Amino acid sequence: MLGAKPPFMIPRWLGRIAAGEHMVVMMTESRAGSNRKARNGLGWAPAHPSWRQGFAEVLDSAFG
C-alpha cells in the first residue's frame, strides 16, 4: 500500500546464528493472538473488520 520494497529475508540457519532459535521461531512460526475473550466477555468489537482495511483507512486519512 505504501509502495515499499518487500522485507529483507535471510535463511533460517543464518537467523539462528544471528538471533538465536527463539527469535527464529517467533518470526517464522508464531501465530497471532485471538480477541475472542474480549469479544465474548466484554462485548468488544474491533474498529475494522481486518488489519488490511484498518491500515488502508489510516493511510487514506493521513495521506488521502
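How about the chain: which chymotrypsin sites (Phe, Trp or Tyr not before Pro) there are in a DSSP loop, with at most 14 other Cβ atoms within 10 Å of their Cβ?
Numbers: sites: PHE8, TRP13, TRP44, TRP51, PHE55, PHE63; in loops: PHE8, TRP44.
Sites meeting the loop and neighbour criteria: PHE8, TRP44.
First check a/c for the chain, with a ≥ b ≥ c the square roots of the eigenvalues of its C-alpha gyration tensor; if it is under 1.5, answer rounded, and if not, answer prolate when a/b is larger than b/c or oblate otherwise.
Verdict is oblate for the chain.
Among VAL25, SER50, ILE10, pick out the residue whose Cα is farthest towards the positive end of the charge dipole of the chain, where Lys and Arg carry +1 and Asp and Glu carry -1 on C-beta, about the Cα centre.
Highest projection toward the positive end goes to VAL25.
Give me the angle, in degrees from 0 to 90, between the Cα long axis of helix 51-63 and the longest principal axis of the Cα atoms of the chain, rounded to the nearest 10.
So the helix axis and the longest Cα principal axis differ by about 80 degrees.
What net charge is computed for the residues neighbouring GLY15, neighbours being all others with C-beta under 14 Å from the C-beta of GLY15, Lys and Arg scored +1, Asp and Glu -1?
Here the charged neighbours net out to 0.
Can you list the GluC sites (Glu not before Pro) in the chain that are in a DSSP coil and have 16 or fewer other beta carbons within 10 angstrom?
Taking the chain and a limit of 16 other Cβ atoms within 10 Å, the loop GluC sites (Glu not before Pro) found are GLU29.
Quick one: dipole size for the chain, taken about the Cα centre, charges +1 on Lys/Arg Cβ and -1 on Asp/Glu Cβ, in debye to the nearest 20. Before the final figure, lay out the partial values.
Details: 8 positive and 4 negative charges, 47 e Å.
That gives a dipole near 220 debye.
For labels at THR28 and MET9 in the simple 7 Å Cα→Cβ model, what's the distance in nm?
With each label point 7 Å from Cα toward Cβ, the separation is 1.1 nm.
None of the figures in this text is laboratory data; all of them are computed from the coordinates on show. The model shown is predicted, which means the values in this text are computed figures rather than measured ones. Every residue, glycine as well, gets a Cβ built from its backbone with ideal geometry; the counts of neighbours run over all protein chains shown.
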